[in-house]
Amino acid sequence: MSRSPRAATLRDAVGLGVAVGLYGTAFGAAAAAAGLSPLQALTMSLLMFTGASQFALVGVLGAGGGAVAAVAGALLLGTRNTVYGVRLLPLLRPRGAWRRMATAHWVIDETTALAVSAPERALARLAFTAGGATIFTLWNATTLVGALGAAALGTTARAALDAVVPAAFLALLWPRLQPGFPEAAAQRRVALGGAVVALALTPFVPAGVQVVAAVVAVALAGRPRRAAAAAEEAA
Amino acid sequence: MSSGALWAVVLAGGVGCYLLKLAGLSVPAAWVQRPWVTRVVEFVPAALLGALVAVQAATSAHHLVADGRLVGLAVAALALALRAPFIVVLVLAGAAGALVAVLTG
């Protein structure tokens with residue numbers, strides 16, 4: 001396998017972008033089912049552009065939830081992207097207010113995972129931009145397709161899409177669990193902890209909230225040891 | 001809900017989520033460079049991806065469910081262990097999910 005890191009980064013970014021971008025069809029269909037017009041569904045994908053929050057919003061509306069609950073669900077899941085921004089800032093270093101505002105729009109799960117997984121800073125920017133552009137383009141196009149043809153997507157095609165999404169997240173997680181990754185054993189414990197807490201909370205909290213709660217719970221559980229390790233580094 | 005109210009929800013949610021993203025890129029560098037911040041954030045992706053894998057593969061609304069998504073996930077794990085390319089992993093998982101849907105349909 002002799003491929004340049006740049007080509008590999010680009011291929012992974014576009015590959016993930018295509019897989020995730022196509023899932024916009026499911027969002028468009030869900031939005032239509034919740035009573036949004038195709039234009040409203042497309043506006044969400046253009047303006048909000050963060051899948052989990054979009055699904056949360058239409059999910060609450062579809063379940064009969066009110067405006068405040070729908071927006072609150074979307075914002076709660078959107079706080080994830082604030083944490084990502086903090087992580088991405090030293091990698092991407094956008095210069096000037098306009099570039100910062102443009103970069104912010106593409107700060108989502110997938111672009112963050114792509115950027116932090118890249119072996120060096122230049123490749124992190126490439127992965128972020130290529131993944132962001134691919135996802136943004138396809139996510140919006142397929143949102144419109146899904147909203148216009150909600151009923152046209154067969155159950156088999158939907159089952160395939162449903163299976164691709166967790167596989168894509170696993171593929172992103174995988175390298176962090178391998179022996180070569182820094183502190184792979186701790187990464188494995190953290191990943192398993194996140195999964196267990198999220199599953200345990202699923203029956204009891206609003207849909208989508210368990211993901212954020214799992215991240216917070218794992219962060220709190222690891223905090224004393226991390227503080228000690230940080231103190232050692234500083235010493 | 002009226003069309004006007006739906007537009008209000010769509011726009012409020014969209015602008016709010018964008019401002020949350022912008023906030024992350026706008027905090028002072030000194031705040032970001034604190035050791036405990038970088039330390040915590042170093043592990044957020046693993047916790048988040050672990051939670052997302054579990055929730056996307058094994059839940060539906062408030063229930064734990066086992067369907068084609070779990071089969072797809074197992075196939076994906078096997079493909080990853082065999083070092084299959086990313087896109088192949090996704091195609092195999094999708095095919096497995098579709099197959100289970102057809103067989104159990």
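Right, A:Leu57: in a helix (DSSP H, G or I), at pLDDT below 90, within 8 Å of chain B (Cβ to nearest Cβ) and within 20 Å of A:Leu144 (Cβ to Cβ) or not? Taking the combined requirement at face value, the residue satisfies it. You will find that of A:Arg11, A:Arg100, the residue that is out of contact with any Leu (no Cβ under 9 Å at 6 or more places or on another chain), free of Cβ contacts under 8 Å to residues at least 40 places away in the same chain and either part of a helix (DSSP H, G or I) or surrounded by fewer than 24 Cβ atoms within 10 Å (Cβ to Cβ) (or both) is A:Arg11 and no other.
Can you find even one residue in region B:42-65 that is at the interface with chain A (Cβ under 7 Å from one of its Cβ atoms), in contact (Cβ under 8 Å) with a residue 24 or more places away in the chain and surrounded by 20 or more Cβ atoms within 10 Å (Cβ to Cβ)? No, every residue in region B:42-65 fails to be at the interface with chain A (Cβ under 7 Å from one of its Cβ atoms), in contact (Cβ under 8 Å) with a residue 24 or more places away in the chain and surrounded by 20 or more Cβ atoms within 10 Å (Cβ to Cβ). For region B:43-66, does any single residue satisfy the condition of being more than 23 Å from A:Ala200 (Cα to Cα) and in contact with a Lys or Arg (Cβ under 7 Å, 6 or more places away or on another chain)? No, that holds for no residue. Considering (1) in a helix (DSSP H, G or I); (2) modelled with pLDDT under 90; (3) over 25 Å from B:Leu70 (Cβ atoms), the lone condition that A:Gly146 does not fulfil carries the number (3). Out of A:Thr79, A:Thr111, one residue alone is in contact (Cβ under 8 Å) with a residue 12 or more places away in the chain, within 11 Å of chain B (Cβ to nearest Cβ), surrounded by fewer than 22 Cβ atoms within 10 Å (Cβ to Cβ) and within 12 Å of the chain's Cα centre (by Cα). It is A:Thr79. Put simply, of A:Ala41, A:Ala19 the only residue that is at pLDDT 90 or above, hydrophobic (A, V, I, L, M, F, W, C) and crowded, with 24+ Cβ neighbours inside 10 Å is A:Ala41.
Within region A:165-181, if we keep just the residues that are at pLDDT below 85 and in contact with a Lys or Arg (Cβ under 9 Å, 6 or more places away or on another chain), the residue that is nearest to B:Leu48 (Cα to Cα) turns out to be A:Pro166. All conditions in (1) modelled with pLDDT of 85 or more; (2) under 19 Å from A:Ile135 (Cα atoms); (3) crowded, with 21+ Cβ neighbours inside 10 Å hold for A:Leu46, with the sole exception of (3). For region A:147-182, a residue qualifies if it is touching a Pro at 6+ places or on another chain (Cβ under 9 Å) and either under 15 Å from A:Ala26 (Cβ atoms) or surrounded by fewer than 20 Cβ atoms within 10 Å (Cβ to Cβ) (or both), and the qualifying residues are A:Ala147, A:Leu148, A:Phe181.
When we screen A:Val14, A:Val58, A:Val20 for residues that are aliphatic (A, V, I, L, M) and touching a Ser or Thr at 6+ places or on another chain (Cβ under 6 Å), the only hit is A:Val14. Of the residues in region A:114-138, how many are hydroxyl-bearing (Ser, Thr, Tyr), crowded, with 19+ Cβ neighbours inside 10 Å and more than 10 Å from every other protein chain (Cβ to nearest Cβ)? Total meeting the criteria: 1. Is one or more of the residues making up region A:25-32 in contact (Cβ under 8 Å) with a residue 24 or more places away in the chain and hydroxyl-bearing (Ser, Thr, Tyr)? Yes, the conditions are met somewhere in region A:25-32.
The values are calculated or read from the model by the stated rules, or taken from the named source; none is laboratory data. No experiment lies behind these values; they were computed from the predicted model shown. Cβ sites come from the backbone with ideal geometry, for glycine too, and all protein chains shown count toward neighbours.
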